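A short write-up of the structure that comes next.
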Amino acid sequence: MTRVSEHLNRALHDLMEADPRVHLLGEDISDPYGGAFKVTKGLSTRFGRRVRSTPLSEGAIAGIGAGLALAGDRAIVEIMFADFAALAFDQLVNFAAKSTAMYGRKVPVPLVVRCPSGGNRGYGPTHSQSPQKHFIGVPGLSLFEMTPFHDAGELFALMFALEQPCLFFEDKVLYTRRRYEDGVVDDLFRYELTDGVARVFVDGVTEPDCTLIVHGGMTHRALDAMRALLMEEDVACELLVPARLYPLPTLPGLDRARHVCVVEDGSEGGTWGAEVARVLHPRLWSTLRRPISLISAADSVIPAAPHLEREILVQSGRIRHAVAEVLS
Amino acid sequence: MVVTAPIPPCLRQPPSPPPREDLELLLLIRHFELTLLRLFEAGELSGTTHTCLGQEYIPVALSPLLHDDDFVLSNHRGHGHFLARYTEPHGLLAEIMGREGALCAGVGGSQHVYHRRFLSTGVQGESLPVAVGVALKLTETGALTCAYVGDGTWGEGAVYEALNMARLWKVPLLVVVENNGIAQSTPTSAQMAGSIAARAAAFDIPHHRVTSTEVGEIRAELAPLLGVVRGESRPLVVEFVTHRIGPHSKGDDTRTPEEIALAAAHDWYARYARDFPEHFAALDLAARERVERIAAEVAARPPSVWERP
């Protein structure tokens with residue numbers, strides 16, 4: 001069994017071993033600490049000056065990563081908590097993303113900004129957010145998120161191949177979960193990867209009642225809801241988990257979807273789900289039976305106390321009830 | 001901190017005109033900028049522009065001190081920086097006018113030019129972290145990264161994040177501060193507490209203040225300091241005490257006539273015209289006519305074409 005954080009760590013080791021152009025910058029990422037979530041453990045020991053623990057300067061390290069990329073190298077920047085990506089907004093939006101196009105020709109900026117995101121760990125309002133929505137729709141900026149299905153090494157390769165800055169969200173609870181392998185989720189569910197999108201399904205069910213679309217960090221809550229819906233309400237769901245969140249890739253299997261529901265941890269309003277619905281509504285207009293449902297966290301700060309936090313963020317029970325209600 | 005007193009007037013060389021190629025470059029930049037203001041008044045330019053009138057000598061002085069493999073980062077007031085780095089006025093004017101042959105297809109315009117090893121961008125302070133990244137790559141190659149900023153730029157937090165890492169990691173970064181005493185309309189005294197020298201000192205970064213406007217003197221002062229930046233791979237802040245004799249952009253000068261006259265009193269153009277009239281007049285006329293020809297030629301070109309990536 002491999003935990004997602006261990007898998008990411010191994011992918012970073014492999015990447016830096018294979019490509020001497022890759023630099024890694026971030027706060028407290030060096031050994032023996034190895035990063036707040038231990039994802040960078042062993043890298044500074046092995047790769048020396050290519051791995052730099054930095055001062056608390058999210059904006060500047062994003063800019064330094066862009067500078068290294070402009071100069072012909074490749075950079076991975078770790079923002080300790082995704083919330084702090086706000087401090088790097090100018091560098092990412094006004095420089096790194098724009099530089100790929102504003103000089104009149106394609107300028108490669110191979111830069112990956114890793115952002116540990118999400119709540120359900122009691123870290124409170126400024127260390128628990130899923131701020132993906134704030135970076136959607138920026139020309140030249142792509143958003144990815146780690147999932148329990150995808151190979152992190154392949155995702156790093158894909159992001160660098162785009163030659164444009166990418167934000168890579170990594171859900172903090174997902175770090176602790178195991179990766180799925182060989183097409184098997186558990187006794188009920190199977191999965192396959194199609195064009196970079198994980199599709200999770202019940203063996204033998206070809207026409208699910210509902211298709212859930214989630215980002216990587218929501219996977220387990222969605223699976224819990226799907227299990228309950230199947231066992232207790234006789235509702236069969238399929239789950240789509242794209243690693244690329246923006247621009248949204250083509251999602252498989254939706255032509256036969258009876259209902260589509262997008263679930264996310266971002267707060268309500270101006271959401272990733274709204275972007276997914278924007279892309280899907282014209283495509284599915286003739287086959288959808290009802291509007292796409294959007295489930296997101298409440299329009300609220302994220303409290304620290306676990307009983308309060310649980311109410312604000314999306315839990316499996318809420319997904320289950322929302323799906324059951326709309327289909328009833 | 002490096003403390004270098006300006007050369008006392010009694011020890012200065014008797015006035016002699018600057019070398020011909022320096023004066024030609026100074027005059028090219030001067031007439032390029034004046035032409036932009038004229039074109040704006042005639043309604044032939046769109047958007048905005050920031051001219052470096054009065055400050056042309058700074059990039060001209062630095063020009064031979066910079067090597068081919070150095071990387072230059074510039075800002076909103078960057079036409080002089082560009083022309084002193086790469087004397088390609090047709091391409092720059094085409095970029096500003098959105099015409100064929102534009103350096104960046106007319107997408108970047110006046111403030112966003114990336115050509116060979118020159119890159120400008122329009123957000124204050126944004127370039128310094130990028131400069132540290134480029135300089136990291138150049139460390140121990142003998143090349144350096146030169147970043148032009150203004151006095152107003154020092155209001156941005158990014159400057160301090162970048163200086164901190166530049167010093168911690170010992171990167172070959174030359175920060176050129178064009179302190180013209182005014183940030184758009186705000187006098188430096190109203191927007192900066194303390195001094196640039198003290199701020200550099202806080203990061204243990206050497207600071208050198210240049211008060212001369214003579215390119216030869218400036219080069220003599222700076223050549224050994226730049227050698228240290230390259231040889232020992234360490235950052236340096238060079239602060240030029242300079243004067244912007246034109247508006248911030250166009251027609252937006254809120255200074256009093258007295259303040260503008262004070263700035264103009266430092267202008268190299270008037271000084272050379274006065275001190276070396278014959279030598280100056282011929283080169284001045286030639287530069288004026290050259291830029292007029294360039295402007296006419298570029299204005300007649302078809303619009304630039306952008307192939308979106």
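Placing a label point 7 Å from the Cα of residue B:38 along the Cα-to-Cβ line, the residues of region B:90-128 whose backbone N sits under 17 Å from it are B:90, B:93-94, B:97.
At a threshold of 40 Å², the residues of region A:66-80 that become less accessible to a 1.4 Å probe in the full protein assembly than in their chain on its own are A:68, A:70, A:71. When the alpha-carbon atoms of region B:19-297 are used, the pair Rg, Dmax equals 18.0, 52 angstrom. Across region A:151-157, coupling constants 3J(HN,Hα) worked out from phi with the 6.51/-1.76/1.60 Karplus curve, θ = phi - 60°, read 8, 5, x, 5, 5, 4, 4 Hz, and Gly and Pro carry x. Temperature 10 °C, viscosity 1.306 mPa s: under these conditions the Stokes-Einstein estimate for region B:147-234, based on its Kirkwood radius over C-alpha pairs, is 113 µm² per second. Give the shape of region B:206-309 as rounded, prolate or oblate, defined through the alpha-carbon gyration tensor: a ≥ b ≥ c are the square roots of its eigenvalues, a/c under 1.5 means rounded, and otherwise the shape is prolate if a/b is larger than b/c and oblate if not. Verdict is oblate for region B:206-309.
Our helix-only sum for chain B, with -39,500 (n - 2.57) per DSSP H run of n ≥ 4 divided by its residues, gives a mean residue ellipticity at 222 nm of -13500 deg cm²/dmol.
Reducing region B:35-84 and region B:154-223 to their Cα centroids gives an inter-centroid distance of 19 Å.
Amide H to amide H, with H built 1.01 Å from N, residue B:100 comes under 5 Å of B:304, counting only residues 5 or more places away or on other chains. Counting DSSP beta bridges in the protein assembly as shown, what percent are antiparallel, to the nearest 5? Of all bridge pairs located within the protein assembly as shown, approximately 25 percent are antiparallel.
Is there a quick way to get the dipole size of the protein assembly as shown? I mean about its Cα centre, with the Cβ of Lys and Arg at +1 and of Asp and Glu at -1; what is the value in debye to the nearest 20? Numbers along the way, then the final one.
Details: 61 positive and 78 negative charges, 81 e Å.
Dipole magnitude for the protein assembly as shown comes out near 400 debye.
Per residue, chain A reaches -8500 deg cm²/dmol at 222 nm when only DSSP H runs of four or more residues are counted, each adding -39500 (n - 2.57).
If the cut-off is 30 Å between C-alpha atoms, which lysines fall inside it for residue B:250, apart from same-chain ones fewer than 8 positions away? Hits, sequence-local ones excluded: A:98. Between helix A:316-327 and chain A there is an angle of about 50 degrees, using the helix long axis and the longest principal axis of the Cα atoms. Over all orientations, region A:189-327 has a Cα convex hull whose mean projected area works out to 8.2 square nanometres.
Please give me the summed charge of the neighbours of residue A:255: other residues whose Cβ is under 14 Å from its Cβ, Lys and Arg +1, Asp and Glu -1.
So the environment of residue A:255 carries a net charge of +3.
Net charge of the neighbourhood of residue A:75, taken over other residues with C-beta under 12 Å away and scored Lys/Arg +1, Asp/Glu -1, is +3. Putting +1 on Lys and Arg Cβ atoms and -1 on Asp and Glu Cβ atoms, find which of B:176, B:270, B:163 reaches farthest to the positive end of the dipole of chain B. It is B:163, whose Cα lies furthest towards the positive end. Working from label points 7 Å from Cα in the Cα-to-Cβ sense, the residue A:255 to residue A:298 distance is 4.2 nm. The charge dipole of chain B, taken about its Cα centre with unit charges on the Cβ atoms of Lys, Arg (+1), Asp and Glu (-1) only, comes to about 360 debye. In this simple spin-label model, placing a label point 7 Å from the Cα along the Cα-to-Cβ direction at both residue A:161 and residue B:261 gives a separation of 6.9 nm.
As a calculated quantity, the FRET efficiency between residue A:284 and residue A:18 at R0 = 45 Å, using C-beta atoms, amounts to about 0.65. Modelled spin-label separation between residue A:318 and residue A:46, with each label point placed 7 Å from Cα along the Cα-to-Cβ direction: 3.9 nm.
Backbone phi angles across region B:250-264, fed through the Karplus curve with coefficients 6.51, -1.76 and 1.60 (θ = phi - 60°), yield HN-Hα couplings of 9, x, 10, 8, 9, 6, 6, x, 5, 5, 5, 5, 5, 5, 5 Hz in residue order; Gly and Pro are listed as x.
Starting from 0 in steps of 20 Å, tell me what percent of the Cα-Cα pairs of chain A lands in each bin. Histogramming chain A at 20 Å steps yields 33, 57, 10 percent. Taking the 0 to 90 degree range and rounding to the nearest ten, how far is the long axis of helix A:272-284 tilted relative to the main principal axis of chain A, both from C-alpha atoms? The angle comes out at about 60 degrees. A simple rule links phi to the HN-Hα coupling: the Karplus curve 6.51 cos²θ - 1.76 cosθ + 1.60 with θ = phi - 60°, which for region A:13-24 gives 4, 4, 5, 6, 5, 7, 10, x, 7, 7, 10, 10 Hz, with x for Gly and Pro. Scanning residues 5 or more positions from residue A:211 or on other chains, those with amide H under 5 Å from its amide H are A:238, A:258, A:259, A:260, A:261, with H placed 1.01 Å from N in the peptide plane. Which is the longest run of chain A containing none of the chymotrypsin sites (Phe, Trp or Tyr not before Pro) found in DSSP loop states (not H, G, I, E, B) with at most 14 other C-beta atoms within 10 Å? With chymotrypsin sites (Phe, Trp or Tyr not before Pro) excluded where exposed in loops, chain A gives A:34-284 as its longest stretch.
Values of log10 I(q)/I(0) for region A:4-176 across q = 0.15 Å⁻¹ run -0.76, by the Debye formula with one identical scatterer at each alpha carbon and no solvent.
Within the shell defined by Cβ-Cβ distances under 9 Å, the residues around residue A:100 carry a net charge of +1, with Lys and Arg each +1 and Asp and Glu each -1.
Too long at a 22 Å Cα-Cα cut-off: which of A:133/A:172; A:41/B:137; A:41/A:172? Over 22 Å Cα-Cα: A:41/B:137. Across the alpha-carbon set of the protein assembly as shown, the Rg to Rh ratio works out to 1.06, Rh being the Kirkwood radius.
The values are calculated or read from the model by the stated rules, or taken from the named source; none is laboratory data. Computed from a predicted structure; not experimentally measured. Every residue, glycine among them, receives a Cβ derived from its backbone with ideal geometry; neighbour counts consider all protein chains shown. Heavy atoms of the whole protein, side chains included, go into the accessibility calculation; ligands, DNA and RNA do not. Shrake-Rupley method; radii C 1.70, N 1.55, O 1.52, S 1.80 Å.
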